[in-house]
Ligand SMILES: [Cu+2]
């Protein structure tokens, strides 16, 4: 019985191992985030056209990069709050459609937030507390 079952277990272990390796290798190389304005909470962001939320989490492969585009009615500054040291060349998103690109040379877990600035125009009304945008980036 044991010897009969052995090859199946071995095959299963191999298959799982290969699947694990394949998923690590296929972590995406880039992601694009879009900040939008909304009445409730002032702003949210979306990853690759997905749902708009205040908090997002993504996985990138080492050497991968992301872009953040600001379509909000106010500026945002992209800020790294924890994780491996990282240089953000132009962290200020200070006009409609402004974008920033961040490249991840080192593996690790990076946490970002944004520091919103003043509205570009007066009279923008929102409901509730302004959201704090948060992003976790897992780089494998
Ligand atoms: Cu906003």
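Taking a ≥ b ≥ c as the square roots of the eigenvalues of the Cα gyration tensor, the range 63-128 is prolate, since a/c reaches 1.5 or more and a/b is larger than b/c. Counting every other Cβ atom within 10 Å of each residue's Cβ, 125, 53 order from fewest to most as 125, 53. You can think of it this way: the chain between residue 136 and residue 103 has 10.5 nm of extra reach, that is 0.36 nm per residue less the Cα-Cα gap. Work out the FRET efficiency for residue 77 and residue 26 from their Cβ-Cβ distance, taking R0 = 35 Å, and round it to the nearest 0.05. Efficiency computed from Cβ-Cβ geometry: 0.60.
Taking other C-beta atoms within 10 angstrom as a stand-in for reagent exposure, 35, 58, 127, 88 fall in the order 127, 88, 58, 35, fewest first. The simple spin-label model puts a point 7 Å past each Cα toward its Cβ; for residue 119 and residue 46 those points are separated by 2.3 nm. Going by Cα centres, the range 75-109 and the range 31-65 are how many Å apart? Taking the Cα centre of each part, the range 75-109 and the range 31-65 sit 13 Å apart.
Ranked by how many other Cβ atoms sit within 10 Å of their own Cβ, fewest first, the residues 104, 52 fall in the order 52, 104.
We did not get these values from a lab; they are worked out from the coordinates using the rules stated. Since this is a predicted model, take the numbers as computed values, not measurements. Neighbour counts run over all protein chains shown; Cβ positions are idealised from the backbone, glycine included.
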